[in-house]
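Visitor: Here it is, the structure in full.
The values are calculated or read from the model by the stated rules, or taken from the named source; none is laboratory data. Not measured: the values here are computed from a predicted model. Cβ placement follows ideal geometry from the backbone for every residue including glycine, while neighbour counts extend to all protein chains displayed.
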Amino acid sequence: MHQTAQKRLFSAIQPSGAITIGNYIGAIQNWAALQQQNDCIFAIADLHAITVQQVPEILRKNSRDLVALLLACGVDCKNSILFLQSQLSYHIELMWLLSSMCYIGELSRMTQFKDKSAKKEENCNAGLMTYPVLMAADILLYQTEIVPVGADQKQHLELARNLALRFNNRYSQTFTLPEPYITSNGQAKIFSLQEPTKKMSKSDVNSLSYITLLDKKEEIIKKCKRAVTDSDNQIYFDCQNKAGISNLLTIYSAFTGKSIAEAEMQFKGVGYANFKETVGEAVAKYLAPIQERYRELVADKRYIDTVLRDGRERAGDIAYKTLRKVYKKIGFYRGE
Ligand code: AQP
């Protein structure tokens with residue numbers, strides 16, 4: 001049973017590809033810990049995922065498999081709520097209502113929109129621009145108090161706060177103002193193994209740039225061995241001048257629980273080849289039990305569907321209450 005002092009926390013992940021160790025270290029690893037002290041709602045953000053074109057059967061499979069993976073990583077669906085965003089249309093309803101209060105200037109200033117639309121100049125869809133309004137709806141529907149956010153998502157949370165404030169000021173107190181939550185690992189950011197100044201991303205076209213949670217041991221070690229580094233053969237943390245080595249140190253630290261300073265000591269005088277192999281071994285060792293648990297869970301489709309049905313029901317009860325209030329305040333006629 002949750003105690004009343006627990007804070008309502010919301011977080012989500014897109015089923016837009018194979019989940020990487022970047023997603024794990026930046027988000028999922030924290031989810032398992034955060035649910036001990038908070039009232040957590042976790043969503044699989046499949047509506048957000050279609051801002052980049054998805055193959056229907058792969059999207060369906062990724063969404064279902066992600067439930068199994070999150071459970072294997074320690075998400076506890078008895079205490080926390082885990083649901084699929086597209087199974088609750090309240091998210092889209094609130095998004096529309098909020099988008100009528102959101103300025104185009106606010107959306108076009110978002111860094112993620114600027115980056116993603118620059119990459120897809122001739123084919124930039126409106127969803128890329130309105131993505132943060134849907135994220136605001138996700139957060140505000142649940143009267144969320146805290147949102148664990150990485151540096152890349154801070155601007156989006158700020159928009160959710162501004163929209164909540166705007167609505168509350170225009171109509172009356174309705175939405176809780178969500179606060180950013182920085183976790184104990186300081187939201188470590190993991191970079192591409194091939195371009196270590198760029199974020200590791202599951203949708204990267206080069207599969208050598210990321211390690212997925214389901215990669216086999218040999219693949220993990222191969223990817224670490226082929227990680228781009230430098231040529232001065234010294235292992236220490238310096239993200240400006242030694243981005244590749246620093247990234248591998250961060251990964252090693254996240255998967256062994258050792259601090260960066262401890263890792264630097266351990267690898268003093270060690271050659272890059274040995275260092276990379278040790279990092280790969282540590283990642284593979286950490287992931288092995290998660291992979292085993294995942295294989296058991298993903299085979300049980302009926303169980304996955306039960307988890308999603310239950311999550312939808314519990315999330316839906318909370319979301320519906322908020323949306324009903326919002327409709328009333330805006331002035332939509334609901335009959336006598
Ligand atoms: N490289 C990363 N390092 C640390 N945290 C990361 N996250 C993603 N990549 C890294 C965090 O993972 C959570 C879920 O991410 P998401 O799937 O909702 O979207 P994203 O940030 O766009 O992740 P990707 O992997 O880059 O997906 P694609 O390639 O589809 O855009 C978020 O909390 C995010 O901060």
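Visitor: Among the residues in region 211-218, are any within 16 Å of the ligand (Cβ to nearest atom), at pLDDT below 95 and either closer than 16 Å to ILE251 by Cα or loosely packed, with under 14 Cβ neighbours inside 10 Å (or both)?
Guide: No; the residues of region 211-218 include none that is within 16 Å of the ligand (Cβ to nearest atom), at pLDDT below 95 and either closer than 16 Å to ILE251 by Cα or loosely packed, with under 14 Cβ neighbours inside 10 Å (or both).
Visitor: Sticking with this structure for a sec: Would you please list the contacts, defined by Cβ atoms under 8 Å and residues six or more apart or on different chains, that run from a residue in region 96-115 that is touching a residue at least 24 places away in the same chain (Cβ under 8 Å) to a residue that is loosely packed, with under 12 Cβ neighbours inside 10 Å?
Guide: Hits for this filter: MET101/ARG170.
Visitor: Right, something else. Can you tell me which residue among LEU134, LEU140 is within 24 Å of ARG64 (Cα to Cα) and not basic (Lys, Arg)?
Guide: Unique residue meeting the criteria: LEU134.
Visitor: Answer yes if at least one residue in region 142-152 is within 14 Å of the ligand (Cβ to nearest atom), in a loop (DSSP other than H, G, I, E, B) and farther than 23 Å from SER100 by Cβ, and no otherwise.
Guide: Taking every residue of region 142-152 in turn, at least one turns out to be within 14 Å of the ligand (Cβ to nearest atom), in a loop (DSSP other than H, G, I, E, B) and farther than 23 Å from SER100 by Cβ.
Visitor: When both residues are 6+ apart or on different chains and their Cβ atoms are under 8 Å apart, which pairs have a first residue that lies in region 193-216 and is in a helix (DSSP H, G or I), and a second that is acidic (Asp, Glu)?
Guide: SER209/GLU195
Visitor: Now for a different question. Would you confirm, using the coordinates I've provided, whether LYS154 is in contact with a helix residue (DSSP H, G or I) (Cβ under 9 Å, 6 or more places away or on another chain), modelled with pLDDT under 95, over 18 Å from LYS325 (Cβ atoms) and surrounded by 13 or more Cβ atoms within 10 Å (Cβ to Cβ)?
Guide: no
Visitor: Only one of these conditions is not met by TYR90: (1) of a type in the set (Phe, Trp, Tyr); (2) touching a residue at least 24 places away in the same chain (Cβ under 8 Å); (3) under 30 Å from LEU214 (Cα atoms). Which number is it?
Guide: (3)
Visitor: For region 168-187, check the following and say yes or no: at least one residue is closer than 18 Å to ALA243 by Cβ, within 10 Å of the ligand (Cβ to nearest atom) and crowded, with 18+ Cβ neighbours inside 10 Å. Before you say what the answer is, go through the steps one by one.
Guide: Within region 168-187, the first condition is being closer than 18 Å to ALA243 by Cβ, and the residues that meet it are 186-187.
If we keep only those that are within 10 Å of the ligand (Cβ to nearest atom) too, we end up with 187.
After this cut, where a residue has to be crowded, with 18+ Cβ neighbours inside 10 Å as well, the list is 187.
Yes; the residues of region 168-187 include at least one that is closer than 18 Å to ALA243 by Cβ, within 10 Å of the ligand (Cβ to nearest atom) and crowded, with 18+ Cβ neighbours inside 10 Å.
Visitor: Taking only pairs six or more apart or across chains, which ones have beta-carbon atoms under 7 Å, a first residue in region 19-31 that is closer than 14 Å to LEU193 by Cβ, and a second residue that is surrounded by fewer than 21 Cβ atoms within 10 Å (Cβ to Cβ) and basic (Lys, Arg)?
Guide: Every condition considered, the pairs that remain are THR20/LYS202; GLY22/LYS199.
Visitor: Among (1) within 30 Å of THR306 (Cβ to Cβ); (2) out of contact with any strand residue (DSSP E or B) (no Cβ under 8 Å at 6 or more places or on another chain), there is one condition TRP96 misses while meeting the rest; what is its number?
Guide: (1)
Visitor: For SER246, state whether it is over 30 Å from SER172 (Cβ atoms) and in contact (Cβ under 8 Å) with a residue 40 or more places away in the chain.
Guide: So SER246 passes the test.
Visitor: Output the number of residues of region 188-206 satisfying the condition of being more than 10 Å from the ligand (Cβ to nearest atom) and surrounded by 15 or more Cβ atoms within 10 Å (Cβ to Cβ).
Guide: Adding up the residues that qualify gives 4.
Visitor: In region 278-314, which residues are loosely packed, with under 15 Cβ neighbours inside 10 Å and over 30 Å from GLU264 (Cβ atoms)?
Guide: GLU292, ARG295, GLU296, ALA299, ASP300, LYS301, ARG302, ASP305, THR306, ARG309, GLU313
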